[in-house]
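Step one of this worksheet: look at the structure below.
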Amino acid sequence: MNPFHLLIDGQLVGSTQVLHVIDPATEQVVAECPGGTPELANSAIAAAKRAFPAWRDTPYAARAEVLRTVARVIDENAEELSRLITAEQGKPRAAADFETVMAAAVCRYVASVTLDTEVLEDDASHRVLRRHVPLGVVAGIVAWNFPLVMAVYKMAPALLAGNSFLLKPSPTTPLSALRLGELLKDVVPPGVLSVISDGGDIGPLLTRHPDIAKISFTGSTVTGRSVMRNAADSLKRLTLELGGNDAAIVLDDVDVASIAPKLFALAFLNSGQTCMAIKRIFVQAAVYEEVCTALAKLANEAIVGNGLDPKTQFGPLQNRKQFETISRLLDLAPRYGKVIAGGTVERPGFYVRPTIVRDIEEGNPLVDEEVFGPVRPILKFTTVNEAVERANQSPYGLGGSVWTADSVKGAEIASRLECGSAWVNQHFAVAPQIPFGGAKQSGLGVEFSRDGLLEYTNSQVINIAKT
Ligand code: NDP
(Lines give C-alpha, C1' and ligand atoms only; values in the text may rest on other atoms or scores of the structure.)
Protein backbone atom coordinates (compact mmCIF):
# COMPACT_ATOMS: atom_id res chain seq x y z
CA MET A 1 0.00 0.00 0.00
CA ASN A 2 1.38 3.45 -0.89
CA PRO A 3 2.08 5.80 2.04
CA PHE A 4 -0.69 8.16 3.11
CA HIS A 5 -0.54 11.93 3.61
CA LEU A 6 -2.64 14.71 5.00
CA LEU A 7 -3.72 17.40 2.54
CA ILE A 8 -3.01 20.88 3.91
CA ASP A 9 -2.74 24.08 1.86
CA GLY A 10 -2.39 22.10 -1.36
CA GLN A 11 0.56 20.09 0.01
CA LEU A 12 0.75 16.41 0.94
CA VAL A 13 2.26 16.34 4.41
CA GLY A 14 3.22 13.83 7.08
CA SER A 15 2.96 14.09 10.84
CA THR A 16 4.89 13.15 13.96
CA GLN A 17 1.80 11.23 15.03
CA VAL A 18 1.26 7.81 13.42
CA LEU A 19 -2.13 6.01 13.30
CA HIS A 20 -2.23 2.24 12.99
CA VAL A 21 -5.32 1.33 10.99
CA ILE A 22 -6.79 -2.07 11.81
CA ASP A 23 -8.43 -4.36 9.24
CA PRO A 24 -11.57 -5.46 11.12
CA ALA A 25 -11.60 -8.75 9.19
CA THR A 26 -8.25 -9.85 10.62
CA GLU A 27 -7.52 -7.47 13.53
CA GLN A 28 -4.12 -6.88 11.92
CA VAL A 29 -2.66 -3.47 11.12
CA VAL A 30 -3.50 -2.90 7.46
CA ALA A 31 -1.77 0.48 7.08
CA GLU A 32 -0.09 3.30 8.93
CA CYS A 33 -1.05 6.87 8.24
CA PRO A 34 -0.33 10.30 9.70
CA GLY A 35 -2.55 11.67 12.43
CA GLY A 36 -3.13 15.41 12.49
CA THR A 37 -1.76 17.29 15.48
CA PRO A 38 -3.42 20.49 16.77
CA GLU A 39 -0.64 22.49 15.01
CA LEU A 40 -1.41 20.82 11.68
CA ALA A 41 -5.14 21.33 12.18
CA ASN A 42 -4.60 25.01 12.93
CA SER A 43 -2.45 25.45 9.85
CA ALA A 44 -5.13 23.74 7.71
CA ILE A 45 -7.80 26.07 9.13
CA ALA A 46 -5.58 29.10 8.44
CA ALA A 47 -4.99 27.92 4.84
CA ALA A 48 -8.71 27.32 4.35
CA LYS A 49 -9.45 30.82 5.62
CA ARG A 50 -6.89 32.32 3.23
CA ALA A 51 -8.25 30.33 0.29
CA PHE A 52 -11.88 31.21 0.91
CA PRO A 53 -12.21 34.66 -0.77
CA ALA A 54 -10.79 33.55 -4.12
CA TRP A 55 -12.88 30.36 -4.14
CA ARG A 56 -16.01 32.32 -3.18
CA ASP A 57 -15.36 34.64 -6.12
CA THR A 58 -14.70 31.79 -8.56
CA PRO A 59 -17.69 31.59 -10.93
CA TYR A 60 -20.34 29.06 -9.88
CA ALA A 61 -20.02 27.23 -13.19
CA ALA A 62 -16.27 26.82 -12.67
CA ARG A 63 -16.84 25.38 -9.19
CA ALA A 64 -19.40 22.97 -10.66
CA GLU A 65 -16.80 21.94 -13.25
CA VAL A 66 -14.32 21.16 -10.46
CA LEU A 67 -16.92 18.82 -8.93
CA ARG A 68 -17.38 17.05 -12.27
CA THR A 69 -13.61 16.55 -12.35
CA VAL A 70 -13.75 15.19 -8.78
CA ALA A 71 -16.36 12.68 -9.96
CA ARG A 72 -14.12 11.66 -12.86
CA VAL A 73 -11.12 11.23 -10.54
CA ILE A 74 -13.18 9.02 -8.20
CA ASP A 75 -14.31 6.90 -11.16
CA GLU A 76 -10.77 6.58 -12.49
CA ASN A 77 -9.50 5.46 -9.08
CA ALA A 78 -12.55 3.45 -8.07
CA GLU A 79 -10.68 0.16 -7.77
CA GLU A 80 -8.17 1.52 -5.27
CA LEU A 81 -10.75 3.49 -3.28
CA SER A 82 -13.04 0.45 -3.00
CA ARG A 83 -10.13 -1.72 -1.90
CA LEU A 84 -9.29 0.78 0.84
CA ILE A 85 -12.91 0.95 2.00
CA THR A 86 -13.05 -2.82 2.42
CA ALA A 87 -9.64 -2.89 4.11
CA GLU A 88 -10.50 -0.25 6.70
CA GLN A 89 -14.26 -0.66 7.07
CA GLY A 90 -14.75 -4.41 6.51
CA LYS A 91 -17.71 -4.28 4.12
CA PRO A 92 -17.83 -6.69 1.14
CA ARG A 93 -16.14 -5.49 -2.04
CA ALA A 94 -19.46 -5.22 -3.91
CA ALA A 95 -20.75 -2.83 -1.22
CA ALA A 96 -17.50 -0.85 -1.33
CA ASP A 97 -17.78 -0.62 -5.13
CA PHE A 98 -21.31 0.71 -4.73
CA GLU A 99 -20.13 3.27 -2.19
CA THR A 100 -17.49 4.51 -4.63
CA VAL A 101 -20.00 4.71 -7.49
CA MET A 102 -22.37 6.66 -5.23
CA ALA A 103 -19.59 9.08 -4.24
CA ALA A 104 -19.02 10.00 -7.88
CA ALA A 105 -22.77 10.16 -8.54
CA VAL A 106 -23.26 12.56 -5.62
CA CYS A 107 -20.61 14.91 -7.07
CA ARG A 108 -22.25 14.85 -10.49
CA TYR A 109 -25.68 15.48 -9.05
CA VAL A 110 -24.50 18.34 -6.82
CA ALA A 111 -22.68 19.91 -9.78
CA SER A 112 -26.02 20.06 -11.63
CA VAL A 113 -27.87 22.05 -8.94
CA THR A 114 -28.15 25.80 -9.37
CA LEU A 115 -28.45 28.53 -6.76
CA ASP A 116 -29.52 31.45 -8.87
CA THR A 117 -30.17 34.85 -7.34
CA GLU A 118 -33.93 35.27 -6.85
CA VAL A 119 -35.90 38.45 -7.46
CA LEU A 120 -38.20 38.77 -4.44
CA GLU A 121 -39.79 42.09 -5.44
CA ASP A 122 -39.42 44.38 -8.40
CA ASP A 123 -41.76 47.38 -8.52
CA ALA A 124 -41.59 51.10 -9.16
CA SER A 125 -39.80 51.83 -5.88
CA HIS A 126 -37.65 48.79 -5.08
CA ARG A 127 -35.79 45.85 -6.49
CA VAL A 128 -35.19 43.15 -3.86
CA LEU A 129 -32.87 40.26 -4.56
CA ARG A 130 -31.90 37.21 -2.56
CA ARG A 131 -28.43 35.72 -3.05
CA HIS A 132 -27.16 32.47 -1.59
CA VAL A 133 -23.68 33.26 -0.31
CA PRO A 134 -21.12 30.85 1.15
CA LEU A 135 -20.34 30.75 4.84
CA GLY A 136 -16.53 30.56 4.93
CA VAL A 137 -14.59 27.57 6.27
CA VAL A 138 -16.72 24.44 6.71
CA ALA A 139 -15.54 21.36 8.61
CA GLY A 140 -16.97 17.93 7.81
CA ILE A 141 -16.66 15.37 10.63
CA VAL A 142 -17.75 11.87 9.64
CA ALA A 143 -18.34 8.41 11.10
CA TRP A 144 -16.81 5.08 10.09
CA ASN A 145 -19.70 3.23 8.49
CA PHE A 146 -19.61 4.84 4.99
CA PRO A 147 -16.23 6.59 5.08
CA LEU A 148 -16.02 7.72 1.46
CA VAL A 149 -19.54 8.60 0.39
CA MET A 150 -20.25 10.38 3.67
CA ALA A 151 -17.16 12.56 3.18
CA VAL A 152 -18.15 13.34 -0.39
CA TYR A 153 -21.76 14.24 0.33
CA LYS A 154 -20.51 16.90 2.71
CA MET A 155 -17.58 18.07 0.57
CA ALA A 156 -19.47 18.46 -2.72
CA PRO A 157 -22.20 20.91 -1.61
CA ALA A 158 -19.77 22.80 0.64
CA LEU A 159 -17.42 23.41 -2.30
CA LEU A 160 -20.11 24.15 -4.87
CA ALA A 161 -21.60 26.80 -2.59
CA GLY A 162 -18.18 28.50 -2.48
CA ASN A 163 -16.89 27.46 0.95
CA SER A 164 -13.49 26.02 1.70
CA PHE A 165 -13.82 22.58 3.24
CA LEU A 166 -11.83 20.67 5.82
CA LEU A 167 -12.55 16.94 6.17
CA LYS A 168 -11.90 14.95 9.32
CA PRO A 169 -12.56 11.23 8.88
CA SER A 170 -13.10 8.85 11.78
CA PRO A 171 -9.84 7.67 13.43
CA THR A 172 -10.68 4.04 12.53
CA THR A 173 -11.40 4.67 8.81
CA PRO A 174 -9.08 7.42 7.57
CA LEU A 175 -7.57 5.71 4.52
CA SER A 176 -10.12 6.28 1.74
CA ALA A 177 -10.54 9.92 2.82
CA LEU A 178 -6.78 10.53 2.86
CA ARG A 179 -6.38 8.92 -0.56
CA LEU A 180 -9.24 11.08 -1.86
CA GLY A 181 -7.37 14.15 -0.61
CA GLU A 182 -4.20 13.01 -2.37
CA LEU A 183 -6.08 12.41 -5.62
CA LEU A 184 -7.67 15.87 -5.44
CA LYS A 185 -4.50 17.78 -4.56
CA ASP A 186 -4.22 19.28 -8.04
CA VAL A 187 -7.96 19.33 -8.78
CA VAL A 188 -9.10 21.66 -6.01
CA PRO A 189 -7.10 24.88 -5.37
CA PRO A 190 -4.70 24.90 -2.37
CA GLY A 191 -6.48 25.39 0.96
CA VAL A 192 -9.95 24.99 -0.55
CA LEU A 193 -9.88 21.31 0.41
CA SER A 194 -7.97 19.89 3.40
CA VAL A 195 -8.05 16.35 4.78
CA ILE A 196 -6.84 15.66 8.30
CA SER A 197 -7.06 12.28 10.00
CA ASP A 198 -6.56 12.16 13.76
CA GLY A 199 -6.28 9.96 16.79
CA GLY A 200 -9.42 11.39 18.38
CA ASP A 201 -8.35 14.88 19.48
CA ILE A 202 -9.05 17.12 16.50
CA GLY A 203 -12.88 17.02 16.51
CA PRO A 204 -13.33 19.29 19.56
CA LEU A 205 -10.66 21.67 18.21
CA LEU A 206 -12.66 22.06 14.99
CA THR A 207 -16.02 22.47 16.71
CA ARG A 208 -14.64 25.22 18.97
CA HIS A 209 -12.49 27.05 16.43
CA PRO A 210 -13.64 30.65 15.81
CA ASP A 211 -12.52 30.59 12.16
CA ILE A 212 -14.82 27.69 11.27
CA ALA A 213 -18.24 28.90 10.20
CA LYS A 214 -20.07 25.59 9.97
CA ILE A 215 -19.79 22.00 11.13
CA SER A 216 -21.43 19.26 9.11
CA PHE A 217 -21.33 16.27 11.41
CA THR A 218 -22.35 12.63 11.07
CA GLY A 219 -22.04 10.42 14.11
CA SER A 220 -23.75 9.51 17.34
CA THR A 221 -26.37 11.63 19.09
CA VAL A 222 -24.15 11.84 22.19
CA THR A 223 -21.30 13.36 20.17
CA GLY A 224 -23.77 15.55 18.26
CA ARG A 225 -24.78 17.19 21.53
CA SER A 226 -21.13 17.91 22.31
CA VAL A 227 -20.61 19.38 18.82
CA MET A 228 -23.62 21.64 19.37
CA ARG A 229 -22.36 22.79 22.77
CA ASN A 230 -18.89 23.57 21.43
CA ALA A 231 -20.28 25.35 18.37
CA ALA A 232 -22.45 27.66 20.46
CA ASP A 233 -19.69 30.11 21.42
CA SER A 234 -19.12 31.18 17.83
CA LEU A 235 -22.72 30.47 16.69
CA LYS A 236 -21.61 28.08 13.99
CA ARG A 237 -24.11 26.78 11.47
CA LEU A 238 -24.74 23.08 12.05
CA THR A 239 -25.93 20.11 10.11
CA LEU A 240 -26.16 17.11 12.40
CA GLU A 241 -26.89 13.63 11.06
CA LEU A 242 -27.14 11.51 14.17
CA GLY A 243 -28.34 8.15 15.37
CA GLY A 244 -31.59 6.43 14.53
CA ASN A 245 -33.81 3.63 15.83
CA ASP A 246 -36.01 3.18 12.78
CA ALA A 247 -39.19 1.17 13.09
CA ALA A 248 -40.67 -0.98 10.34
CA ILE A 249 -44.39 -1.64 10.85
CA VAL A 250 -45.50 -4.84 9.10
CA LEU A 251 -49.28 -5.19 8.65
CA ASP A 252 -51.04 -8.53 8.47
CA ASP A 253 -52.04 -8.14 4.80
CA VAL A 254 -48.47 -8.56 3.51
CA ASP A 255 -47.13 -11.41 1.41
CA VAL A 256 -44.48 -12.53 3.89
CA ALA A 257 -42.44 -14.52 1.36
CA SER A 258 -41.98 -11.47 -0.84
CA ILE A 259 -41.24 -8.85 1.83
CA ALA A 260 -39.06 -10.91 4.20
CA PRO A 261 -35.89 -10.72 2.04
CA LYS A 262 -36.31 -6.94 1.75
CA LEU A 263 -36.90 -6.49 5.48
CA PHE A 264 -33.87 -8.65 6.21
CA ALA A 265 -31.56 -6.82 3.79
CA LEU A 266 -32.66 -3.41 5.08
CA ALA A 267 -32.26 -4.39 8.73
CA PHE A 268 -28.80 -5.92 8.33
CA LEU A 269 -27.34 -3.62 5.66
CA ASN A 270 -23.62 -3.00 6.31
CA SER A 271 -23.85 -5.55 9.15
CA GLY A 272 -26.47 -3.35 10.82
CA GLN A 273 -24.08 -0.39 10.99
CA THR A 274 -26.31 1.98 9.07
CA CYS A 275 -28.00 4.99 10.61
CA MET A 276 -31.17 4.34 8.62
CA ALA A 277 -31.30 0.55 8.86
CA ILE A 278 -34.52 -0.97 10.17
CA LYS A 279 -33.75 -1.36 13.87
CA ARG A 280 -37.14 -2.30 15.38
CA ILE A 281 -39.43 -4.66 13.46
CA PHE A 282 -43.09 -4.36 14.59
CA VAL A 283 -45.22 -7.20 13.17
CA GLN A 284 -49.01 -7.56 13.41
CA ALA A 285 -50.09 -10.62 15.38
CA ALA A 286 -51.61 -12.67 12.51
CA VAL A 287 -48.30 -12.81 10.58
CA TYR A 288 -45.90 -12.68 13.54
CA GLU A 289 -44.96 -16.39 13.46
CA GLU A 290 -44.50 -16.41 9.71
CA VAL A 291 -42.30 -13.26 9.69
CA CYS A 292 -40.15 -14.54 12.59
CA THR A 293 -39.60 -17.87 10.84
CA ALA A 294 -38.76 -16.24 7.48
CA LEU A 295 -36.29 -13.73 8.97
CA ALA A 296 -34.62 -16.40 11.12
CA LYS A 297 -34.15 -18.60 8.04
CA LEU A 298 -32.52 -15.75 6.13
CA ALA A 299 -30.28 -14.95 9.10
CA ASN A 300 -29.21 -18.58 9.43
CA GLU A 301 -28.36 -18.77 5.73
CA ALA A 302 -26.41 -15.49 5.64
CA ILE A 303 -22.72 -15.70 4.73
CA VAL A 304 -20.59 -13.70 7.15
CA GLY A 305 -16.88 -13.31 6.43
CA ASN A 306 -13.98 -11.31 5.12
CA GLY A 307 -15.17 -8.62 2.71
CA LEU A 308 -12.50 -9.70 0.22
CA ASP A 309 -14.22 -13.07 -0.26
CA PRO A 310 -16.73 -12.62 -3.14
CA LYS A 311 -19.18 -14.95 -1.38
CA THR A 312 -19.38 -12.72 1.73
CA GLN A 313 -22.71 -10.96 2.29
CA PHE A 314 -21.91 -9.43 5.69
CA GLY A 315 -18.49 -8.28 6.82
CA PRO A 316 -17.23 -7.86 10.40
CA LEU A 317 -18.14 -4.97 12.69
CA GLN A 318 -15.88 -2.04 11.97
CA ASN A 319 -13.99 -1.72 15.23
CA ARG A 320 -13.27 -3.39 18.54
CA LYS A 321 -15.32 -0.91 20.59
CA GLN A 322 -18.42 -1.54 18.47
CA PHE A 323 -17.80 -5.31 18.60
CA GLU A 324 -17.62 -5.19 22.40
CA THR A 325 -20.80 -3.10 22.63
CA ILE A 326 -22.71 -5.57 20.44
CA SER A 327 -21.23 -8.57 22.28
CA ARG A 328 -22.58 -7.17 25.55
CA LEU A 329 -26.03 -6.83 23.97
CA LEU A 330 -25.87 -10.44 22.78
CA ASP A 331 -25.20 -11.51 26.37
CA LEU A 332 -28.30 -9.59 27.48
CA ALA A 333 -30.59 -10.80 24.67
CA PRO A 334 -31.85 -14.09 26.26
CA ARG A 335 -32.95 -12.11 29.31
CA TYR A 336 -35.40 -10.03 27.28
CA GLY A 337 -36.50 -12.30 24.41
CA LYS A 338 -35.90 -15.52 22.50
CA VAL A 339 -32.87 -15.62 20.19
CA ILE A 340 -34.00 -17.54 17.09
CA ALA A 341 -30.97 -16.92 14.85
CA GLY A 342 -27.38 -15.86 15.37
CA GLY A 343 -26.30 -14.76 18.81
CA THR A 344 -22.72 -15.86 18.17
CA VAL A 345 -19.43 -14.08 17.55
CA GLU A 346 -16.17 -15.19 16.01
CA ARG A 347 -12.54 -14.01 16.37
CA PRO A 348 -10.07 -13.08 15.02
CA GLY A 349 -11.97 -10.39 13.15
CA PHE A 350 -14.96 -8.64 14.69
CA TYR A 351 -17.57 -11.05 13.38
CA VAL A 352 -21.14 -11.21 14.67
CA ARG A 353 -23.76 -13.39 12.97
CA PRO A 354 -27.08 -11.71 12.06
CA THR A 355 -29.16 -12.13 15.20
CA ILE A 356 -32.95 -12.16 15.50
CA VAL A 357 -34.66 -11.80 18.87
CA ARG A 358 -38.42 -12.50 19.09
CA ASP A 359 -40.96 -12.33 21.94
CA ILE A 360 -39.34 -9.12 23.10
CA GLU A 361 -40.89 -5.80 24.17
CA GLU A 362 -39.72 -2.32 25.02
CA GLY A 363 -37.89 -1.50 28.26
CA ASN A 364 -34.46 -2.90 27.43
CA PRO A 365 -31.44 -1.70 25.44
CA LEU A 366 -32.07 -4.08 22.50
CA VAL A 367 -35.24 -2.14 21.67
CA ASP A 368 -34.92 1.27 23.31
CA GLU A 369 -31.35 2.11 22.29
CA GLU A 370 -29.86 2.37 18.83
CA VAL A 371 -28.28 -1.04 18.15
CA PHE A 372 -25.54 -0.22 15.64
CA GLY A 373 -24.79 -3.80 14.64
CA PRO A 374 -26.48 -6.99 13.38
CA VAL A 375 -29.01 -7.62 16.17
CA ARG A 376 -32.69 -6.96 15.52
CA PRO A 377 -35.77 -7.39 17.76
CA ILE A 378 -39.17 -8.46 16.35
CA LEU A 379 -42.03 -6.99 18.37
CA LYS A 380 -45.68 -8.10 18.15
CA PHE A 381 -48.56 -5.60 17.87
CA THR A 382 -52.33 -5.83 17.59
CA THR A 383 -53.69 -2.53 16.25
CA VAL A 384 -52.12 -0.02 13.86
CA ASN A 385 -52.63 2.83 16.35
CA GLU A 386 -50.71 0.84 18.94
CA ALA A 387 -47.85 0.20 16.47
CA VAL A 388 -47.60 3.88 15.51
CA GLU A 389 -47.61 4.95 19.14
CA ARG A 390 -44.88 2.46 20.04
CA ALA A 391 -42.78 3.37 16.99
CA ASN A 392 -43.03 7.05 17.96
CA GLN A 393 -41.98 6.43 21.55
CA SER A 394 -38.32 6.59 20.54
CA PRO A 395 -36.41 9.82 21.12
CA TYR A 396 -34.89 9.22 17.66
CA GLY A 397 -36.68 10.15 14.45
CA LEU A 398 -34.49 9.35 11.47
CA GLY A 399 -36.59 7.01 9.30
CA GLY A 400 -39.51 4.61 9.48
CA SER A 401 -41.52 2.37 7.18
CA VAL A 402 -44.89 0.69 6.75
CA TRP A 403 -45.23 -2.63 4.95
CA THR A 404 -48.67 -3.46 3.55
CA ALA A 405 -50.53 -4.66 0.45
CA ASP A 406 -52.50 -1.39 0.54
CA SER A 407 -50.09 1.41 -0.35
CA VAL A 408 -52.71 4.16 0.17
CA LYS A 409 -53.30 2.98 3.72
CA GLY A 410 -49.54 2.58 4.07
CA ALA A 411 -48.92 6.21 3.09
CA GLU A 412 -51.52 7.40 5.62
CA ILE A 413 -49.86 5.40 8.40
CA ALA A 414 -46.37 6.51 7.28
CA SER A 415 -47.45 10.16 7.56
CA ARG A 416 -48.10 9.58 11.27
CA LEU A 417 -44.53 8.45 11.96
CA GLU A 418 -42.36 11.06 13.70
CA CYS A 419 -39.31 10.85 11.47
CA GLY A 420 -37.49 12.65 8.69
CA SER A 421 -38.13 9.97 6.04
CA ALA A 422 -41.14 7.64 6.10
CA TRP A 423 -41.36 4.94 3.46
CA VAL A 424 -43.99 2.48 2.25
CA ASN A 425 -42.88 -1.04 1.31
CA GLN A 426 -39.25 0.08 1.29
CA HIS A 427 -36.73 1.57 3.69
CA PHE A 428 -33.47 3.51 3.35
CA ALA A 429 -34.54 4.72 -0.08
CA VAL A 430 -32.18 7.68 -0.27
CA ALA A 431 -30.95 9.48 -3.38
CA PRO A 432 -28.83 12.59 -4.00
CA GLN A 433 -31.86 14.57 -5.22
CA ILE A 434 -34.10 13.72 -2.22
CA PRO A 435 -33.62 15.58 1.09
CA PHE A 436 -32.58 13.40 4.00
CA GLY A 437 -32.49 14.44 7.65
CA GLY A 438 -33.64 13.49 11.09
CA ALA A 439 -36.49 14.57 13.34
CA LYS A 440 -36.23 14.73 17.15
CA GLN A 441 -32.80 13.62 18.43
CA SER A 442 -31.72 12.18 15.10
CA GLY A 443 -30.38 15.51 13.95
CA LEU A 444 -30.70 18.98 12.64
CA GLY A 445 -31.00 20.11 9.04
CA VAL A 446 -30.90 18.01 5.89
CA GLU A 447 -28.35 16.64 3.48
CA PHE A 448 -28.78 15.84 -0.22
CA SER A 449 -30.97 17.78 -2.68
CA ARG A 450 -31.06 21.53 -3.22
CA ASP A 451 -32.17 21.91 0.41
CA GLY A 452 -28.94 20.25 1.51
CA LEU A 453 -26.90 22.61 -0.68
CA LEU A 454 -28.67 25.63 0.83
CA GLU A 455 -27.42 24.54 4.27
CA TYR A 456 -23.93 25.57 3.15
CA THR A 457 -25.07 29.13 2.43
CA ASN A 458 -26.42 32.23 4.08
CA SER A 459 -29.32 34.08 2.56
CA GLN A 460 -28.25 37.62 1.64
CA VAL A 461 -30.83 40.21 0.67
CA ILE A 462 -29.87 43.08 -1.64
CA ASN A 463 -32.55 45.75 -1.45
CA ILE A 464 -32.19 48.55 -4.03
CA ALA A 465 -34.26 51.73 -3.80
CA LYS A 466 -35.17 52.99 -7.28
CA THR A 467 -35.95 56.57 -6.39
P1 NDP B 1 -19.03 9.23 16.99
O2 NDP B 1 -20.11 10.19 17.23
O3 NDP B 1 -18.27 8.69 18.13
O4 NDP B 1 -17.91 9.82 15.98
C5 NDP B 1 -18.25 10.43 14.77
C6 NDP B 1 -17.15 11.39 14.37
O7 NDP B 1 -17.09 12.43 15.33
C8 NDP B 1 -15.76 10.78 14.32
O9 NDP B 1 -15.04 11.38 13.26
C10 NDP B 1 -15.18 11.18 15.66
O11 NDP B 1 -13.79 11.22 15.56
C12 NDP B 1 -15.77 12.56 15.86
N13 NDP B 1 -15.89 13.00 17.26
C14 NDP B 1 -15.99 12.24 18.37
N15 NDP B 1 -16.12 13.03 19.46
C16 NDP B 1 -16.12 14.30 19.02
C17 NDP B 1 -16.28 15.58 19.65
N18 NDP B 1 -16.45 15.70 20.96
N19 NDP B 1 -16.26 16.69 18.87
C20 NDP B 1 -16.13 16.60 17.53
N21 NDP B 1 -15.97 15.42 16.88
C22 NDP B 1 -15.99 14.29 17.60
O23 NDP B 1 -19.76 8.11 16.16
P24 NDP B 1 -19.14 6.80 15.56
O25 NDP B 1 -18.00 7.13 14.71
O26 NDP B 1 -18.88 5.84 16.67
O27 NDP B 1 -20.39 6.30 14.65
C28 NDP B 1 -21.45 5.55 15.12
C29 NDP B 1 -22.63 6.41 15.43
O30 NDP B 1 -22.88 7.35 14.41
C31 NDP B 1 -23.93 5.63 15.55
O32 NDP B 1 -24.62 6.03 16.69
C33 NDP B 1 -24.73 6.00 14.31
O34 NDP B 1 -26.09 5.98 14.40
C35 NDP B 1 -24.26 7.35 14.03
N36 NDP B 1 -24.36 7.59 12.60
C37 NDP B 1 -25.35 8.39 12.12
C38 NDP B 1 -25.51 8.57 10.77
C39 NDP B 1 -26.55 9.47 10.21
O40 NDP B 1 -26.46 9.84 9.05
N41 NDP B 1 -27.54 9.85 10.96
C42 NDP B 1 -24.65 7.90 9.81
C43 NDP B 1 -23.62 7.13 10.43
C44 NDP B 1 -23.49 6.98 11.78
P45 NDP B 1 -12.79 11.39 16.82
O46 NDP B 1 -13.03 10.19 17.66
O47 NDP B 1 -11.47 11.50 16.17
O48 NDP B 1 -13.10 12.66 17.50
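The values are calculated or read from the model by the stated rules, or taken from the named source; none is laboratory data. Here the structure is a predicted model, which means the values were calculated and not measured. Note that we place each Cβ from the backbone using ideal geometry, even for glycine, and neighbour counts take in every protein chain shown. For the accessible areas, the whole protein counts, side chains as well, though only heavy atoms, and no ligand, DNA or RNA atoms are used. Shrake-Rupley method; radii C 1.70, N 1.55, O 1.52, S 1.80 Å.
Considering each residue of the range 69-76 in turn, at least one proves to be among the basic types (Lys, Arg) and more than 21 Å from the chain's Cα centre (by Cα). Can you find a residue that is among the basic types (Lys, Arg) and buried (at least 22 other Cβ atoms within 10 Å of the Cβ) anywhere in the range 336-355? Scanning the range 336-355, I find no residue that is among the basic types (Lys, Arg) and buried (at least 22 other Cβ atoms within 10 Å of the Cβ), so the answer is no.
Meeting the requirement of 1 or more residues that are within 26 Å of THR355 (Cα to Cα) and touching a helix residue (DSSP H, G or I) at 6+ places or on another chain (Cβ under 8 Å), the helices (runs of 4 or more DSSP H) wholly within the range 366-466 are 384-391. Please determine, by comparing only the residues of the range 259-273 that are open to solvent by less than 10 Å² (accessible area, probe 1.4 Å) and within 17 Å of ALA405 (Cβ to Cβ), which one is nearest to the ligand (Cβ to nearest atom). Among those residues, the one meeting the criterion is LEU263.
Residue-wise test of (1) modelled with pLDDT of 95 or more; (2) within 25 Å of MET102 (Cα to Cα); (3) open to solvent by less than 50 Å² (accessible area, probe 1.4 Å); (4) more than 27 Å from the chain's Cα centre (by Cα).
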| residue | (1), (2), (3), (4) |
| --- | --- |
| LEU417 | yes, no, yes, no |
| ALA422 | yes, yes, yes, no |
| ASN425 | yes, yes, no, no |
| PHE436 | yes, yes, yes, no |
| GLN441 | yes, no, no, no |
| LEU453 | yes, yes, yes, no |
| VAL461 | yes, no, no, yes |
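Which of the residues belonging to the range 121-154 are touching a helix residue (DSSP H, G or I) at 6+ places or on another chain (Cβ under 7 Å) and of a type in the set (Ser, Thr, Tyr)? Within the range 121-154, just TYR153 meets the criteria.
Answer yes or no: is there a residue in the range 167-189 that is closer than 27 Å to THR114 by Cβ, within 16 Å of the ligand (Cβ to nearest atom), touching a strand residue (DSSP E or B) at 6+ places or on another chain (Cβ under 6 Å) and not in a helix (DSSP H, G or I). Yes, the range 167-189 has at least one match. Among the residues of the range 324-337, just one is out of contact with any strand residue (DSSP E or B) (no Cβ under 7 Å at 6 or more places or on another chain) and closer than 19 Å to LEU269 by Cα, namely THR325.
The residues on offer are THR58, THR26, THR69, and the sole one that is under 30 Å from GLY136 (Cβ atoms), in a loop (DSSP other than H, G, I, E, B) and at pLDDT 95 or above is THR58. Exactly one residue out of LYS338, LYS311 is more than 16 Å from the ligand (Cβ to nearest atom), in contact with an Asp or Glu (Cβ under 6 Å, 6 or more places away or on another chain) and without any contact (Cβ under 8 Å) to a residue 24 or more places away in the chain: that is LYS338. Identify all residues within the range 191-211 that are under 20 Å from GLY35 (Cα atoms), out of contact with any Pro (no Cβ under 8 Å at 6 or more places or on another chain) and either open to solvent by 10 Å² or more (accessible area, probe 1.4 Å) or within 13 Å of the ligand (Cβ to nearest atom) (or both); write none if there are none. ILE196, GLY203, PRO204, LEU206, THR207, ARG208, HIS209, listed by residue number. Among the residues of the range 78-101, is there at least one that is hydroxyl-bearing (Ser, Thr, Tyr) and not in a helix (DSSP H, G or I)? No, every residue in the range 78-101 fails to be hydroxyl-bearing (Ser, Thr, Tyr) and not in a helix (DSSP H, G or I).
Selection of the range 190-212 for residues being of a type in the set (A, V, I, L, M) and part of a helix (DSSP H, G or I) yields ILE202, LEU205, LEU206. When we screen THR457, THR404, THR382 for residues that are open to solvent by less than 70 Å² (accessible area, probe 1.4 Å) and over 30 Å from SER216 (Cβ atoms), the only hit is THR404. For the range 227-258, a tally of residues being more than 25 Å from the chain's Cα centre (by Cα), outside any loop (DSSP other than H, G, I, E, B) and surrounded by fewer than 21 Cβ atoms within 10 Å (Cβ to Cβ) returns 3. Of the numbered criteria (1) within 14 Å of LEU453 (Cα to Cα); (2) assigned to a strand (DSSP E or B); (3) open to solvent by 50 Å² or more (accessible area, probe 1.4 Å), the one ARG130 fails is (1). Restricting the range 212-226 to residues that are farther than 22 Å from PHE448 by Cβ and surrounded by 15 or more Cβ atoms within 10 Å (Cβ to Cβ), the residue that is farthest from the ligand (Cβ to nearest atom) is ILE212. For residues that are within 15 Å of the ligand (Cβ to nearest atom), among the hydrophobic types (A, V, I, L, M, F, W, C) and in a loop (DSSP other than H, G, I, E, B), tally how many sit in the range 145-166. Final tally of qualifying residues: 1.
In the range 217-236, the residues that are within 18 Å of TYR456 (Cα to Cα) reach residues that are more than 6 Å from the ligand (Cβ to nearest atom) and in a helix (DSSP H, G or I) with C-beta atoms within less than 6 angstrom, at least six apart or across chains, in these pairs: THR218/MET150. For the range 123-143, indicate whether the set of residues that are more than 18 Å from THR37 (Cβ to Cβ), within 8 Å of the ligand (Cβ to nearest atom) and not charged (D, E, K, R) is non-empty. Yes: the range 123-143 contains one or more residues that are more than 18 Å from THR37 (Cβ to Cβ), within 8 Å of the ligand (Cβ to nearest atom) and not charged (D, E, K, R).
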